[in-house]
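Quick notes on the structure that follows.
The values are calculated or read from the model by the stated rules, or taken from the named source; none is laboratory data. It should be emphasised that the depicted structure is a prediction, and the values quoted were computed from it without experimental measurement. For neighbour counting, all protein chains shown are included, and Cβ atoms are generated from backbone atoms with ideal geometry for every residue, glycine included. Only protein heavy atoms, including side chains, enter the accessible area calculation; ligands, DNA and RNA are left aside. Shrake-Rupley method; radii C 1.70, N 1.55, O 1.52, S 1.80 Å.
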Amino acid sequence: LLIILFRIKIIKSRAEAKSEYNKRIAELEMTALRAQMNPHFIFNCLNSINRYILKSDRDTAAEYVTKFSRLIRMILDNSRLNIVSLGNEIASLKLYVEMEAMRFDNKFDVAIEVSAGIDADQTMVPPMIFQPYVENAIWHGLMHKNEPGKIEITFRREGEYLICVIDDNGVGRKR
């Protein structure tokens, strides 16, 4: 009886170790994804600020710098966490899309909707989980349009799942 219990404990320990290993891999992958966004985005933001300064558009440059500094602060604060509130994630996503809209002369609009049954301050998500998909919609869908673009981001709950739908009126995959 002692031998059997011991073997079960060893098997359980191996399963727990594998689970912990897989969790750590997922965390590292998420950290790598967040790190990919930062250098490219920061470079583009600084170029935009420089463009506003060269155009002597001080008001827009000041507004952009303010949004940029708030977003970078949020990204740095959130990068140390495995999960953040959906409300916090939406706030950083709003700043991101506002800055991208400014950079592209307000060529697109964004609407974000959270269903009534979701408490955005109590719902937890990994940081920067939605931004790469929104970035993809902007860069590969909307930037190739001649007319104004639109992105609709909706959050709803289905059972225990949080569903995020990112819908754009971009050119589509065929283009």
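Each of I153, I83 has its accessible area taken with a 1.4 Å probe; listed largest first, they run I83, I153.
Ranking K145, K150, K23 from most to least accessible surface, computed with a 1.4 Å probe over the protein chains only, gives K23, K150, K145. Legend: calculated FRET efficiency, F43 to S13, from the Cβ-Cβ distance at R0 = 45 Å, rounded to 0.05, equals 0.45. Relative to the longest principal axis of the Cα atoms of the chain, the long axis of helix 58-79 lies at roughly 0 degrees. For D109, the residues 5 or more places off, or on other chains, whose built amide H falls under 5 Å of its own are G149, K150, I151. Given a cut-off of 28 Å, what percent of all Cα-Cα pairs of the chain lie beyond it? In whole percent, the long-distance tail amounts to 37.
Taking the Cα centre of the chain as origin and assigning +1 to Lys and Arg Cβ atoms and -1 to Asp and Glu Cβ atoms, the resulting dipole is close to 800 debye. Using a simple spin-label model with pseudo-atoms 7 Å out from Cα toward Cβ, H140 and V165 lie 2.1 nm apart. Counted residue by residue at 0.36 nm each, then reduced by the alpha carbon distance between them, the extension gain from R80 to D121 reaches 12.9 nm. Overall, segment 96-158 carries a charge dipole of about 180 debye about its Cα centre when +1 sits on the Cβ of Lys and Arg and -1 on the Cβ of Asp and Glu, all other atoms neutral. Could you work out [θ]222 nm for the chain from helices alone, using -39500 (n - 2.57) per DSSP H run of at least four and dividing by all its residues? Round to the nearest 500 deg cm²/dmol. Result for the chain, helices only: -20500 deg cm²/dmol. When the listed pairs K94/K145; K18/K94; K67/K107 are checked against a 26 Å cut-off, the alpha-carbon distance exceeds it for K18/K94.
With angles folded into 0 to 90 degrees, how steeply does helix 86-103 sit against the dominant principal axis of the chain? Use alpha carbons for both and round to 10. Result, in degrees: 30. With a/c under 1.5 counting as rounded, go ahead and sort segment 58-150 into rounded, prolate or oblate using the C-alpha gyration tensor (a ≥ b ≥ c being the square roots of the eigenvalues; past the cut-off, prolate if a/b is larger than b/c, else oblate). It is oblate, given that a/c is not under 1.5 and a/b is not larger than b/c.
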